[in-house]
Amino acid sequence: MAYIPPHKRHSLDKDRPPPVGESIRPLFKKKMSLNATNKSGKIVYANTSITTWFAVGLTDNDQFPSHVRLEPVSAESFKHQPGGKYLILVNTNVNEENNEVSKNCIRSPWETIASNVQQDLFSSLEILRKGVSYHELEKVKPTLVARFGKIRFHGIPSVHQNQVNETVLRPLIRSFCTTIPSSYMKNVIDEVVQKIGIYFEEEKDIYHVKLSDNTRTDSTVSCKCSVKADKTLMFYKVELNLVRQMVADISCLDKNLDLRLMLCSKRILTALTEDEIYSIKEVVSSAVLDSDVKGGLRWPVGKTSSGDRFSVVGVGHTVTRSYSSPSLRLKVRHADRYDFRRGIGEAGKEVHMKLKGILSVFLEHGAQNDSVSDMLKDSLKLIWDNFLCCEPFLT
């Protein structure tokens with residue numbers, strides 16, 4: 001039988017994101033107690049992390065409007081992600097009148113979001129501020145990011161999917177899809193960037209090689225790589241996977257995109273030993289560029305590991321355009337990834353924003369500085385006005 005590289009093999013494994021919380025007051029809020037990866041080996045939560053979900057655009061008595069319903073979406077809408085039934089919340093009456101209703105509310109949508117996330121965000125930031133440390137082996141880099149996409153619900157509703165309420169949503173598993181249509185990306189680049197006053201910073205073409213490390217069983221080593229003139233890879237940065245401190249998913253019922261606010265940190269390894277450098281280089285330099293495979297990389301037989309220390313568990317290729325201002329950095333990218341262990345890949349266009357101003361002011365001064373709250377509201381208003389609308393593309 002001919003040899004089939006791991007990243008070309010089919011797998012019956014399913015994407016199993018963490019389950020939602022136990023209550024929706026506030027909706028689906030759950031404190032986690034995890035200090036290791038989940039079964040996929042991809043996602044790591046801090047032992048004090050918080051996850052929460054809520055909707056903006058409910059009726060006066062905190063119910064879902066009758067014109068909001070769950071609609072199925074085919075797995076083909078999410079490239080390279082096999083199997084499963086996905087459901088998304090759809091407002092069948094999104095129009096200017098609905099947006100006007102939001103404007104006439106006592107509290108604006110961005111103020112509602114800020115009010116719901118501020119306590120969890122500030123407490124997580126305070127824990128992170130006290131725990132950030134720098135030493136000779138690694139550097140901790142915190143990030144506050146806003147992602148734009150669609151919340152997917154997995155499973156079968158307990159009642160008819162047009163009757164959206166707590167009973168329907170409680171048993172469903174939730175994940176966040178960041179794939180956006182080409183027209184949305186074009187609008188962001190051609191119009192939104194200029195409108196909000198940010199400027200082109202750089203474009204990067206990066207290959208990512210993710211390695212398991214038998215000395216760090218609770219982490220994944222991620223190597224950022226560039227392509228040399230001879231078409232081989234050279235790594236220039238090695239870091240451990242993101243650790244999530246807070247994740248807030250927000251269903252924006254008056255818009256057709258949802259929002260995820262995520263506070264996370266990563267550790268950049270700054271003092272690799274000569275043996276570690278040699279072993280990582282051995283694996284990375286053996287990769288073969290191949291645009292026909294998921295993630296853009298493949299390996300010759302027997303070259304996906306270095307001794308019994310490092311083994312390839314995932315690959316990715318991203319082309320990213322960055323735009324920046326003193327308070328934020330916007331990233332627009334084409335991404336193609338594949339996870340060997342789960343047998344799942346994803347490819348598509350993504351847009352996300354790093355809220356660097358909020359993070360830097362808080363880490364320096366703490367929540368005592370009222371400007372942090374004002375910066376959060378201003379950032380959420382900018383996001384609400386410019387980044388949560390696009391043409392329907394998932395149904």
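Tabulated results
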| quantity | calculated |
| --- | --- |
| Candidates Pro157, Pro171, Pro142 - the one that is touching a helix residue (DSSP H, G or I) at 6+ places or on another chain (Cβ under 6 Å), in a loop (DSSP other than H, G, I, E, B), at pLDDT below 95 and not basic (Lys, Arg) | Pro157 |
| Those residues of the range 209-242 which are open to solvent by 30 Å² or more (accessible area, probe 1.4 Å), of a type outside the set (S, T, N, Q) and not in a loop (DSSP other than H, G, I, E, B), in sequence order | Lys210, Lys224, Val227, Met234, Phe235, Tyr236, Lys237 |
| Matching residues in the range 37-73 - criterion: being on the phi > 0 side of the Ramachandran plot and modelled with pLDDT of 85 or more | Gly57 |
| Number of the exception - Arg337 against (1) open to solvent by 50 Å² or more (accessible area, probe 1.4 Å); (2) closer than 30 Å to Ser123 by Cα; (3) among the charged types (D, E, K, R) | (2) |
| Conditions (1) under 25 Å from Phe387 (Cβ atoms); (2) in a strand (DSSP E or B); (3) open to solvent by less than 40 Å² (accessible area, probe 1.4 Å); (4) modelled with pLDDT under 95; number of the one not met by Gly345 | (1) |
| Members of the range 300-333 that are more than 25 Å from the chain's Cα centre (by Cα) and either over 25 Å from Asp218 (Cβ atoms) or open to solvent by 60 Å² or more (accessible area, probe 1.4 Å) (or both) | Pro300, Val301, Gly302, Lys303, Gly307, Asp308 |
| Matching option when the condition is over 25 Å from the mean Cα position of the chain (by Cα) and under 21 Å from Asp205 (Cα atoms), among Asp275, Asp290 | Asp290 |
| Per-region count, the range 338-369, residues among the aromatic types (Phe, Trp, Tyr) and farther than 25 Å from Phe148 by Cα | 1 |
| Residue within the range 258-280 that is modelled with pLDDT under 95, assigned to a loop (DSSP other than H, G, I, E, B), of a type outside the set (A, V, I, L, M) and open to solvent by less than 30 Å² (accessible area, probe 1.4 Å) present | no |
| Test: residue in the range 358-376 that is touching a strand residue (DSSP E or B) at 6+ places or on another chain (Cβ under 8 Å), in a helix (DSSP H, G or I) and modelled with pLDDT under 90 | yes |
| Qualifying position, being touching a residue at least 12 places away in the same chain (Cβ under 8 Å) and not in a strand (DSSP E or B), among Met246, Met185 | Met185 |
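The values are calculated or read from the model by the stated rules, or taken from the named source; none is laboratory data. Given the structure is predicted, the values throughout are model-derived calculations rather than measurements. Glycine gets a Cβ as well: all are built from the backbone with ideal geometry, and neighbour counts include every protein chain shown. Quick note on the areas: whole protein, heavy atoms, side chains included, nothing else; ligands and nucleic acids left out. Shrake-Rupley method; radii C 1.70, N 1.55, O 1.52, S 1.80 Å.
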